[in-house]
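Here is the structure we will look at, set down as structure tokens.
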Amino acid sequence: MSISSGCRALARSAAARLPRSLRAAKAALAVSAVLAFAMASGACSPFSRLEASGPSGIALKGVKLTDHTYEVPQPLPPGGPGTLIAATDHGPDPAFAAARHWTVLYHSVDAHGVDIAVSGTVLLPPGDAPSGGWPVVSWGHGTTGVADKCAPSQTPNLGFDVYAQELRSLLQAGYAVTATDYPGLGTPGMHTYLVGPDEGNAITDIVSAARHLSPDLAPTWFAMGHSQGGQAALFAARAAHRASDLRFAGTVAIAPASHLGTMLPGVIASGQSSELSFALYSLAGLSATDASVDLNQMLGPSAAQTASQVLSKCLKDSYAPLAHVTTRQTLPLKADQLGQVGKKMSAYGDPDRAPISDPVLIIQGAADHDVPPQWTAAVARNLRSLGSPSVTEHSYPGADHDQVLGQSICDVLAFFSAHGGRTPPDTCAPFSVAPG
């Protein structure tokens, strides 16, 4: 067994021993701890494989990783959105049903029109492509953290075991998968967490980037995501026109983040310190896109120190610094500050402020305690009231924030098929996810 395959097996073995749950950083990010020593020595670096070649046969520069941050050329080389900057081909990946696996850096654009580099993953089903190529699902992941080490492309399961299971189902059903890390997550600068335009552009542009790697991709693509990624997928639907040479066919938003203007007051009122990670990530994301938001000045020295500790950790590990603080200590904001910040968060991140012209499927677990079902129902109502012509909702009784992924997979594949995707397999069955 090679060093590379041995490390990958070690990672999968460690992941298999962890509980499959997403809320509060549900499990999989702990895999990075298993690999820490080996990666520090360079032996288990997932970026030690071959440089990629595009359809034209021109070799691309390999992706390089230093201290969990991808090396981005400064200044960026010229290139429009979706142009590859670098790519590393990892070959067939047994963690994803032997899919061919690339790590990529590509051009995208942030909310202010600035050219940026974004990292991500491309997965191509094994075997021969169907006539016309593999349709593409561009996946938006849920919250992992805002530190570079939390980038899903740096973990063997792209963030969580349940996500790996979801993406395997898509690959086995005959879809190529692109999975952005989002801006600032794995690349220099703060991750613009829940800044919708940044996320939506990144989800769209990685589809164009993937087409530089393989001629076996169909022009048809879908946006899909969970939680933060559900919000991001709805923004991707509005950004899809950027890839004018492709056919955007629809969006699946699973428990999408919404009602961002109520986040901070809600966390403060809850008194639950475990909710502070999301609030602090949101403030950090807002400060990264809006220069008028100064996190240190807003929080004060003591709370800013707590925030700094939380922001340096991935979600699963972010709760330790919060164990002995209250929500009001950590978010010492006055009513007028909460109002101002809430308006900014809503303007940048609420996914139901403009219509979506292409088909939308919104999925929600009825027992979800992370994203309230009534919020998701309101998103669907708002999209319809704004003139969105095709918004369908599916609710799953008894399913929590994580379980809804497994319970909804057959409905997702049926939605794709109805809008230009692959015919669903006759043997499609939901997969089980442990309660969160």
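Net charge of the neighbourhood of SER258, taken over other residues with C-beta under 14 Å away and scored Lys/Arg +1, Asp/Glu -1, is -4. With semi-axes defined as the square roots of five times the eigenvalues of the C-alpha gyration tensor, the equivalent ellipsoid of the range 326-365 measures 31, 15, 5 Å, largest first.
Compared with the alpha-carbon gap, the fully stretched path from ARG381 to SER346 is longer by 10.9 nm at 0.36 nm per residue. To the nearest µm²/s, what D does Stokes-Einstein give for the range 347-386 at 10 °C and 1.306 mPa s, using the Kirkwood radius over alpha carbon pairs as Rh? Answer, rounded: 144 µm²/s. The fraction of all Cα pairs in the range 74-147 landing in successive 5 Å bins from 0 to the largest distance is 3, 12, 17, 21, 20, 14, 8, 3, 0, given as whole percents.
For the range 159-262, the dipole from Cβ point charges (+1 on Lys and Arg, -1 on Asp and Glu) about the Cα centre works out to 220 debye, to the nearest 20. Comparing mean-square fluctuations of TRP139, TRP375, TRP102 from a GNM of the chain with C-alpha springs under 10 Å, the top value falls on TRP375. When the alpha-carbon atoms of the chain are used, the pair Rg, Dmax equals 20.2, 61 angstrom.
The slack between ASP128 and THR427, meaning 0.36 nm per residue of separation minus the straight C-alpha distance, is 105.5 nm.
Translational D (Stokes-Einstein, µm²/s) of the range 164-287 at 25 °C and 0.890 mPa s when Rh comes from the Kirkwood sum over C-alpha pairs? Value of D from the Cα-based Kirkwood radius: 157 µm²/s. Largest GNM mean-square fluctuation across ALA335, ALA377, ALA95, computed for the chain with C-alpha springs under 10 Å, falls on ALA335. The order of ASP352, ASP411 by accessible area, most exposed first and with a 1.4 Å probe, is ASP411, ASP352. Residues considered: SER312, SER274, SER244. Largest GNM mean-square fluctuation over the chain, using C-alpha springs under 10 Å, is found at SER244. Calculate the FRET efficiency for THR326 and ALA291 from the Cβ-Cβ distance with a Förster distance of 30 Å, rounded to the nearest 0.05. E between THR326 and ALA291, to the nearest 0.05, is 0.55. Charges were assigned to the Cβ only: +1 to each Lys and Arg, -1 to each Asp and Glu. The resulting dipole of the range 250-357 about its Cα centre is roughly 100 debye. Just need log10 I(q)/I(0) for the range 322-436 at q = 0.11, 0.17, 0.21, 0.23 Å⁻¹, Debye formula, equal scatterers on the alpha-carbon atoms, no solvent, rounded to two decimals. The Debye formula, applied to the Cα set alone, gives -0.54, -1.00, -1.19, -1.25. Between ALA269 and LEU76, residue separation times 0.36 nm minus the direct Cα-Cα distance comes to 65.1 nm.
Packing order of peptides 260-266, 292-298, highest average first: 260-266, 292-298 (average count of other Cβ atoms within 10 Å over each peptide's residues). Per-residue ellipticity at 222 nm computed for the chain from its helices equals -10500 deg cm²/dmol, with DSSP H segments shorter than 4 residues left out and the rest contributing -39,500 (n - 2.57). Dividing the alpha-carbon radius of gyration of the range 128-208 by the rule-of-thumb value 2.2 N^0.38 Å gives 1.15. Ordering 396-406, 110-120 by mean Cβ neighbour count within 10 Å, with the highest value first, yields 396-406, 110-120. Charge dipole (Cα centre; +1 on Lys/Arg Cβ, -1 on Asp/Glu Cβ; no other charges) of the chain amounts to roughly 340 debye.
The values are calculated or read from the model by the stated rules, or taken from the named source; none is laboratory data. Here the structure is a predicted model, which means the values were calculated and not measured. With ideal geometry, Cβ positions are generated from the backbone for all residues, glycine too; neighbour counts draw on all protein chains shown. Surface accessibility is based on the protein's heavy atoms, side chains included, excluding ligands, DNA and RNA. Shrake-Rupley method; radii C 1.70, N 1.55, O 1.52, S 1.80 Å.
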